[in-house]
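Engineer: One structure follows; several queries about it will come next.
The values are calculated or read from the model by the stated rules, or taken from the named source; none is laboratory data. Just so it is clear, the structure is predicted and the values come from calculations on it, not from any experiment. FYI the Cβ positions are ideal-geometry reconstructions off the backbone, even for glycines, and counts take in every protein chain you see.
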Amino acid sequence: MLILLSAMALPVLGQDISPKEIVRKADEKFNGEKTSTAVMAMTIVRPTWERTIEFKNWTSGREYALTLITAPAKDKGQSFLKRQNEMWSWNPTISRLIKLPPSMMSQGWMGSDYTNDDILKESSVVNDYDHSIIGEEELDGRMCYKIKLVAKEDAAVIWGHQIRWIDKKDFLFLKSELYDEDAYLVRTETGSEIKIMDDRLIPTRIELIPTEEEDQMTIIEIKEIEFNAPIEESFFSQQNMKRVR
């Protein structure tokens, strides 16, 4: 009986993890299973100039996100809110609250190569795509799953498909290639400077390089991050956009 039970258990124990579960693990590790609170700096690099924007970011799942600009002084106090299917921006200089239409989600955030969708996390790499493992590849000494994400027909996403390299040991997003609906490579992202933050290993420097723009990139550096601390739903409100610090 023990031999029979052992034989029956072998196929279950030997099953490989699904590509969707790999993406889910990597996504939750970087964004938090429930919530995240982060302090970041974003440097926009152009051929003749560069500027750095500092901001705080709060998220709760995929339904809620709030971002507050803390520097430079001319942008300080601007905030952005995602509450379920609605997106808003607040500009304290002109005391104006603006609702962002879905068409604006693909536009650059604060003049960077990142989109409003990236910052407000409107789309989901887990739920809005079909996933398949297309190979394995070593990056920076880490063996990675190479996974293709193809947008579902009914998903409101910017990218037609993505290819992501996810570390097999620690489930880290180390590289992403994002393609438009015509399968043209639009941008490449790489994760580096892997550190332990809030008791988990994550890349703390993300470089985004657009394909068509020479000598142009956007760099995000994570200064502080806390995962899964309680955040009330009421925190993500239009009223709090104006007073959050």
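Engineer: Tally time: how many residues in the range 17-35 are under 16 Å from Pro230 (Cα atoms) and either in contact with a Gly (Cβ under 8 Å, 6 or more places away or on another chain) or modelled with pLDDT of 95 or more (or both)?
Structural biologist: Count: 2.
Engineer: Then there's this: Please go through the range 37-54 and pick out each residue that is under 15 Å from the mean Cα position of the chain (by Cα) and not hydroxyl-bearing (Ser, Thr, Tyr).
Structural biologist: Once the filter is applied, which keeps residues that are under 15 Å from the mean Cα position of the chain (by Cα) and not hydroxyl-bearing (Ser, Thr, Tyr), the range 37-54 yields Ala38, Val39, Met40, Ala41, Met42.
Engineer: Identify the residue in the range 58-117 that is among the β-branched types (Val, Ile, Thr) and within 19 Å of Ile219 (Cα to Cα) and, among all such residues, is farthest from the chain's Cα centre (by Cα).
Structural biologist: By that ranking, first place goes to Thr70.
Engineer: Among the residues of the range 156-174, write down those that are surrounded by fewer than 20 Cβ atoms within 10 Å (Cβ to Cβ), of a type outside the set (Asp, Glu) and within 25 Å of Glu136 (Cβ to Cβ).
Structural biologist: Selection gives Gly160, His161, Ile163, Lys168, Lys169.
Engineer: Is at least one residue of the range 115-130 within 28 Å of Arg24 (Cβ to Cβ), modelled with pLDDT of 95 or more, in a strand (DSSP E or B) and not basic (Lys, Arg)?
Structural biologist: yes
Engineer: Being surrounded by 17 or more Cβ atoms within 10 Å (Cβ to Cβ) and on the phi < 0 side of the Ramachandran plot narrows it down to one of Ser124, Ser79, so name that one.
Structural biologist: That would be Ser79, the only listed residue that is surrounded by 17 or more Cβ atoms within 10 Å (Cβ to Cβ) and on the phi < 0 side of the Ramachandran plot.
Engineer: Test Met87 against the stated conditions and say whether it is buried (at least 18 other Cβ atoms within 10 Å of the Cβ), under 28 Å from Asp215 (Cβ atoms) and touching an Asp or Glu at 6+ places or on another chain (Cβ under 8 Å).
Structural biologist: The answer is no for Met87.
Engineer: Identify, from the list Ile231, Ile219, the residue that is in contact (Cβ under 8 Å) with a residue 40 or more places away in the chain, assigned to a loop (DSSP other than H, G, I, E, B) and in contact with a strand residue (DSSP E or B) (Cβ under 7 Å, 6 or more places away or on another chain).
Structural biologist: Ile231
Engineer: Sticking with this one: With farther than 22 Å from Ser60 by Cβ, part of a strand (DSSP E or B) and basic (Lys, Arg) as the only criterion, which of Lys148, Lys99 stands out?
Structural biologist: Testing whether each residue is farther than 22 Å from Ser60 by Cβ, part of a strand (DSSP E or B) and basic (Lys, Arg) leaves just Lys148.
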